[in-house]
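Trainee: Submitted below is the structure of interest, expressed as C-alpha cells.
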Amino acid sequence: MYFLFALPALLLGLYAQYKVQNAFARYSRVRTVRGLTGAQVARYLLDAHGLHHVRVERVGGMLTDHYDPTSKVLRLSPQVYDAPTIAAAGVAAHEMGHALQDATNYAPLALRSAMVPSVQIGSWLGPILFVVGLLMARPTLAWLGVILFAAVAVFALVTLPVEFDASNRAKKLLQQTGLLLPQEMEGVNAVLNAAALTYVAAAVQAISNLLYYVFLLQSTDRD
C-alpha cells in the first residue's frame, strides 16, 4: 500500500533529477557569446536593480546554489560561479530572482522563510510521533504527528510559486538586459524548466506521504 502512494512521486522525482542533470550537463558545455561567468551575471543583474548590498559568494558542492535572505548573500556553486556557460547564466539569474523577490517583499518568499523553523521540527518530529502513536494505539498522538508533518507538505506547495516566479524573473532579466542572445535562451529555458520539475516532484512526494499517514490512521480507526 505504501508503494501505491509513494511510487508515482518516486518515479517523478527520478525523472526530474534526470532532466536537471541532463540539461545542466548539456548547457554547461555551451559557452555564452558574451563570455560572462555566473558570478558576473549575478553581480551585473544585482547592481542593475540597486542591490549593491547583496554579496555574491562561491559555495562548495554540486548545484548548491541558493540565496540567503537573512544574510543577503547569493551563493553559487563552482560550476556556476566560475563558468561562462548558458547553464551557469541561467542558474545565477534564477538565484538573483530570489534576491529581487526579497527586495520587493514578495509574499510567498516571506511565508516560506517564516515556515522554515516549523518545517525543520515537523520533518523529523512528525514521523516519530506518528509511528509511536500508531504502535501504542494512541490516535491523538499519531494525528499530532500528521499535523506536524503536514507543515512539510505546505512548505513544498509554498515553494512552487517562489521558484516559478524566480525562474520567470530570470528569463525576463536575461532577455531585457541582453546578457544572453535570443538563441541562447533555449538552453536557459531547458535548465530552469527542469529545475522547476524537481520542486513539483518534491511537493508530490510530501503530499503522497501525508496522504499515506492519513490513510493508515483512518484504517486503524475503522479496525
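The values are calculated or read from the model by the stated rules, or taken from the named source; none is laboratory data. Predicted, not measured: the structure shown is a model, and the values here were computed from it. As a convention, Cβ positions derive from the backbone with ideal geometry for all residues, glycine included, and neighbour counts pool all protein chains shown. All accessible areas refer to the heavy atoms of the entire protein, side chains included, with ligands and DNA or RNA removed. Shrake-Rupley method; radii C 1.70, N 1.55, O 1.52, S 1.80 Å.
Trainee: Tell me, yes or no, whether the stretch 172-187 has at least one residue that is outside any helix (DSSP H, G or I), crowded, with 20+ Cβ neighbours inside 10 Å and not hydroxyl-bearing (Ser, Thr, Tyr).
Mentor: Checked the stretch 172-187: at least one residue is outside any helix (DSSP H, G or I), crowded, with 20+ Cβ neighbours inside 10 Å and not hydroxyl-bearing (Ser, Thr, Tyr).
Trainee: How many residues are without any contact (Cβ under 8 Å) to a residue 40 or more places away in the chain and over 21 Å from the mean Cα position of the chain (by Cα) if we restrict to the stretch 166-184?
Mentor: The number of residues fulfilling the criteria is 5.
Trainee: Taking the stretch 64-81 only, how many residues are in a loop (DSSP other than H, G, I, E, B) and surrounded by 15 or more Cβ atoms within 10 Å (Cβ to Cβ)?
Mentor: Summing the residues that are in a loop (DSSP other than H, G, I, E, B) and surrounded by 15 or more Cβ atoms within 10 Å (Cβ to Cβ) in the stretch 64-81 gives 3.
Trainee: Of the residues that sit in the stretch 1-36 and are of a type in the set (A, V, I, L, M), open to solvent by 100 Å² or more (accessible area, probe 1.4 Å) and not in a helix (DSSP H, G or I), which one is nearest to Val80 (Cα to Cα)?
Mentor: Taking the candidates together, the pick is Val33.
Trainee: Please go through the stretch 84-99 and pick out each residue that is touching a helix residue (DSSP H, G or I) at 6+ places or on another chain (Cβ under 6 Å) and either open to solvent by 20 Å² or more (accessible area, probe 1.4 Å) or under 17 Å from Leu180 (Cα atoms) (or both).
Mentor: Of the residues in the stretch 84-99, the ones touching a helix residue (DSSP H, G or I) at 6+ places or on another chain (Cβ under 6 Å) are 86-94, 96-98.
Hits for the stretch 84-99 are Ile86, Ala87, Ala88, Ala89, Gly90, Val91, Ala92, Ala93, His94, Met96, Gly97.
Trainee: Follow-up question, since we're still on this one. Find all pairs meeting these conditions: Cβ atoms under 6 angstrom apart; at least six residues apart or on different chains; first residue within the stretch 73-88 and farther than 15 Å from Gly61 by Cβ; second residue among the polar types (S, T, N, Q).
Mentor: Pairs found: Pro84/Thr32; Pro84/Thr37; Thr85/Ser28; Ile86/Thr32; Ala87/Ser28.
Trainee: Which of (1) closer than 20 Å to Val30 by Cα; (2) open to solvent by less than 80 Å² (accessible area, probe 1.4 Å) is the odd one out, the single condition Asn193 does not satisfy?
Mentor: Single failed check for Asn193: (2).
Trainee: Still on this structure, I have one more. Go through the stretch 37-46 and report how many residues are open to solvent by 60 Å² or more (accessible area, probe 1.4 Å) and either of a type outside the set (S, T, N, Q) or modelled with pLDDT under 95 (or both).
Mentor: 2
Trainee: Taking the stretch 7-38 only, how many residues are among the hydrophobic types (A, V, I, L, M, F, W, C) and more than 20 Å from the chain's Cα centre (by Cα)?
Mentor: 4
Trainee: Considering only the stretch 46-58, I want to know if a residue exists there that is without any contact (Cβ under 8 Å) to a residue 60 or more places away in the chain and either of a type in the set (Phe, Trp, Tyr) or farther than 26 Å from Ala103 by Cα (or both). Quick ask: steps written out before the conclusion?
Mentor: Residues of the stretch 46-58 that are without any contact (Cβ under 8 Å) to a residue 60 or more places away in the chain, as a first pass: 46-47, 49-58.
From what is left, the residues that are either of a type in the set (Phe, Trp, Tyr) or farther than 26 Å from Ala103 by Cα (or both) are none.
Among the residues of the stretch 46-58, not one is without any contact (Cβ under 8 Å) to a residue 60 or more places away in the chain and either of a type in the set (Phe, Trp, Tyr) or farther than 26 Å from Ala103 by Cα (or both), which makes the answer no.
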